[in-house]
Each structure stands twice: as structure tokens, then as C-alpha cells.
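The structure appears below as C-alpha cells.
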Amino acid sequence: MNKILVTGGCGYIGVHTIVDLVQNGYDVISVDNNSRSSAAILAGAEQIIGKKIKNYTVDLCNLIDTETIFAENKDIIGIIHFAAYKAVGESVENPLLYFENNLTSLVNILKCAEKFNIPNFVFSSSCTVYGNPEVIPVTEETPQQPAESPYGATKQMGEVIVIDTVKSNQLQAILLRYFNPVGAHPSNLIGEIPMGKPANLVPAITQTAIGKLPTMQVWGTDYPTRDGSCVRDYIHICDIAHAHTLALNFLIDKKNTVNPEIFNLGTGDGYTVLEVIHAFEKTSGVKLNYTVGPRRPGDVVAIYANNNKAKNELGWIPAYNLDDMMSSAWNWELKLKNVASQNI
Ligand code: WQD
């Protein structure tokens, strides 16, 4: 079987992607230093796929340790690189932590791809590379505005690093620009486990609804949008995961015409913060305790994807709607509470 190395394999997107890869015939190994994740999440993935997943607890910023993975796995034919810090607010407070970690780990994994002749590379990028777009929906050709945070800057720089690297060697690459990944696997065996107080909207909603947080704030309802709150393109985590399998198939089948190919991964539908809250209340039956607060610095007013390229070239069709995203996120939050109560 084709063996794939998933970096950040114990993370939210990583673990869901591992499940989809294995269910589509790939052999997978993970590398994750668990600085922002727990290898325990792999147990849920192993239950879904019925096989063990090996995780190398290695910091990709250590090149020697990273090379060991490739020396021990000569049959790796592709890399999906998720491993990075991704808290927008933290990146503003500690930019050098983000530049060092996110860019050093990327450079090291690309050095290994070169040294060990790995032919295929998928890079976890983000819609944050568009900044505050002047025209929406955004296509892959929409000009990038200045990043709104050091986190976004590491994604813009990461894309440049991949683009320039593949010009100089045989590596074939794809950049996947995620919009807002939310929700959990239908099995309820894997999902998002935020570290500390969640910065993202959907975990803030579910943790408030379950009482883990006393309340939450809607960061601004005075934007020039249909109800004053920001617009985002929320995409189910399983749709994001499956796009990675399709991207690898695309590279292995040598269907790419440019290198790297770039794809937007969003539903193409934009929803406001208040619309997401109302969808959550409708699907969960829980009235959410929230207040309206000031705008959050760095927030983009509105962004959602033109996803025609991924649909037409990858054959990627998002399968889940907003209600599915809300109900799966809520079921996962209920599961986490149940597990926590059993571990007392
Ligand atoms: C969404 C909206 C907030 C929390 C994320 C990731 C980033 C990237 C893109 C992948 C905003 C509002 C939030 C809260 C709120 N993903 N909000 N109250 O900022 O779009 O960025 O997706 O690379 O990694 O961070 O997502 O969920 O933080 O915010 O009102 O308690 O919800 O102001 O308008 P964002 P988010």
C-alpha cells in the first residue's frame, strides 16, 4: 500500500485525515510532538479504522530526529504537512514563536522530502492567506492582502517556501486553503479538543452550551454584513479530510498540470456568526447564553470560497451542511463531558 506520513497527525484535521486516508486504502504513519495535542486521540481513529496508527513523538524543528522517521520508513510516497501552531491571538502576542515553529518545521520536512526523494507533498494552508479580500467569494487567483496576523503570515510564507522549493527539485505539491473547519466525525470517536479556552467560534458555542464556559461573546455586530456579524465559510472536518485523500490521488495519478496546484476548501456558502449560533440552537435545542462584545482585532469582515476548482479538478463535493456541522460538534461536546465525568 502507498505509505503516507501525516505531520500533526494527532491534531484535529490530522486525525480526521488519517481516518479518511486509511479508509481509502492508504497506509499511514503520524508524527506529532504532542505539544498542542494528545496521542490519545489516535485511539478513536484506530477504533474507526480497525488498525493501529504509529505516531513518532518527534519535534519537526529537530532535523536529525525528523530524518530518522524517513530512514526507518523507506516506503513513504507522500507527506501531508499539518504540524503548525494555529492560534491567531497567540501569534499576535508571540510572533517569533510562530515564525520559528511553523517555518522551521516546514523547511525541515521539505529537506527530508528532498533528501529521501519523496515525490508528493500536500501543504496545509488557509484562507487566512487572502487577508481581508476586496471581492468575495475568493478564487485561488484572488490577490492576497497583507496577513491579519503572524499566524496568517506563516501560511503566506509557507506557500512561498513550497512554491520556490518545488521549482528546484522533483517534488510535486498541492496547497490546500482551508476555510473554517468545524464539527466532528459521525462516529463521535474523534473530534476537536481545544487546548485551554477556545478562540474559535464553534468550540466556544458548544462549551458555553454545555456549561464549561459561563457565556460567550459575539465579537462585533456592527460590520457591514446582513446582520452585522462576520461572515465565514464553515466546512465540515470530514469534508476537509476527504479533500486530502483526493489531493494525494490527484498527485499520484500525475493529474496536476502546474506545480504546486492550489485549491480552496470551503462550501462556497458564507454564514454570519449569529446565523451559526441560530443553527446551533435549532439543531441542539439549547438556547445559547451569549452577549455582544467589541470587534476582535484582526478579524476579516467577510470571506467565503469559490470552490469550483476543487470540485472540477479533484472531484471534491462537500457532503455536510451547516446543521450537520452543528449537530456533530454538539454530540462531540456531549461525549467529552461524558468521558470527563467518568474519569473523575
Ligand atoms: C470566526 C468568527 C470571530 C469566537 C479560523 C482559524 C484559522 C483559520 C481560519 C485554518 C469571527 C467570531 C469567534 C468567539 C466570536 N483556519 N467569534 N466569538 O478567525 O475565521 O479563523 O479559521 O487555518 O486557523 O482561527 O475563526 O472561529 O476564530 O472566528 O464572535 O468566541 O467568529 O470574531 O468573526 P477565524 P474563528
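Please treat every number below as a calculation from the coordinates, not as lab data. As the structure is a computational prediction, the values presented were derived from the model and not from experiment. Don't worry about glycine lacking a Cβ; one is built from the backbone with ideal geometry, like all the others, and counts go over all protein chains shown.
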query = Which far-off residues, 5 or more places away or on another chain, put their amide H under 5 Å from the one on A302, with H placed in the peptide plane?
reply = V231
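Of all trypsin sites (Lys or Arg not before Pro) in region 263-344, which ones are in loop regions per DSSP and have a Cβ with at most 14 other Cβ atoms within 10 Å? Before the final figure, lay out each step's value.
Values: sites: K282, K287, R295, K309, K311, K335, K337; in loops: K287, R295.
Counting only loop positions with at most 14 other Cβ atoms within 10 Å, the trypsin sites (Lys or Arg not before Pro) in region 263-344 are K287, R295.
For the chain, what is the convex hull volume of its Cα atoms per residue in Å³? It would help to have the intermediate numbers written out before the result.
On the way: hull volume 44.8 nm³, N = 344.
Per-residue hull volume (Cα only) is 130 Å³.
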request  = Over all alpha-carbon pairs of region 1-113, lay out the pair-distance distribution in 10 Å bins, whole %, shortest bin first.
outcome  = 15, 47, 31, 8, 0
inquiry  = Just to check I understand the Karplus step: with θ = phi - 60° and J = 6.51 cos²θ - 1.76 cosθ + 1.60, what whole-Hz values come out for region 69-84, glycine and proline as x?
reply    = 4, 6, 5, 8, 9, 5, 9, 6, 10, x, 10, 10, 9, 9, 3, 5
inquiry  = Can you divide the C-alpha Rg of region 227-267 by 2.2 N^0.38 Å and report the result to two decimal places?
reply    = 1.55
ask   = What's the Kirkwood radius of region 171-237 in Å, using all Cα pairs?
value = 14.4
task = Using only the alpha-carbon atoms of region 236-344, report the extent along each of the three principal axes, biggest first, to the nearest angstrom.
result = 50, 38, 25
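Based on the alpha-carbon set only, what is the convex hull volume of region 266-319 divided per residue, in Å³?
Hull volume normalised by residue count: 97 Å³.
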message = Based on alpha-carbon centroids, what's the gap between region 236-288 and region 2-24 in Å, whole number please?
response = 16
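Rounded to the nearest 5, what % of DSSP beta bridges with both residues in the chain are antiparallel? It would help to have the intermediate numbers written out before the result.
On the way: 2 of 40 bridges.
Close to 5 percent.
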task = In whole angstrom, note down how far apart the Cα centers of region 203-231 and region 107-158 are.
result = 27
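Write down, largest first, the equivalent ellipsoid semi-axes of region 127-262 in whole Å, where each equals the square root of 5 times an eigenvalue of the alpha-carbon gyration tensor. Please report the intermediate quantities before stating the final value.
Numbers: eigenvalues 195, 86, 37 Å².
Value: 31, 21, 14 Å, ordered largest first.
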task = Take region 148-207, compute every pairwise Cα distance, and split them into 10 Å bins from 0; I just need the percent in each bin.
result = 16, 33, 28, 19, 3
remark   = Sequence order, region 146-160: Karplus ³J(HN,Hα) from phi using 6.51 cos²θ - 1.76 cosθ + 1.60, θ = phi - 60°, Hz rounded, Gly and Pro as x, gives x, 4, 8, 7, x, 4, x, 5, 5, 6, 4, 5, x, 5, 5
ask   = With the chain treated as a Gaussian network of Cα nodes joined by springs under 10 Å, which of S35, S187, S229 yields the largest mean-square fluctuation?
value = S35
request  = Provide, for q = 0.11, 0.16, 0.20 Å⁻¹, the log10 of I(q)/I(0) from a solvent-free Debye sum over equal Cα point scatterers in region 57-130.
outcome  = -0.31, -0.61, -0.88
remark   = Both in Å, the radius of gyration and Dmax of the C-alpha trace of region 86-200 are 15.7, 43
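Given the pairs K51/K287; K3/K337; K74/K197; K51/K282; K111/K255; K282/K337, which are separated by over 30 angstrom at their Cα positions? Write down the numbers at each step before the final one.
Values: K51/K287 40 Å; K3/K337 35 Å; K74/K197 40 Å; K51/K282 37 Å; K111/K255 24 Å; K282/K337 21 Å.
Listed pairs above 30 Å: K51/K287; K3/K337; K74/K197; K51/K282.
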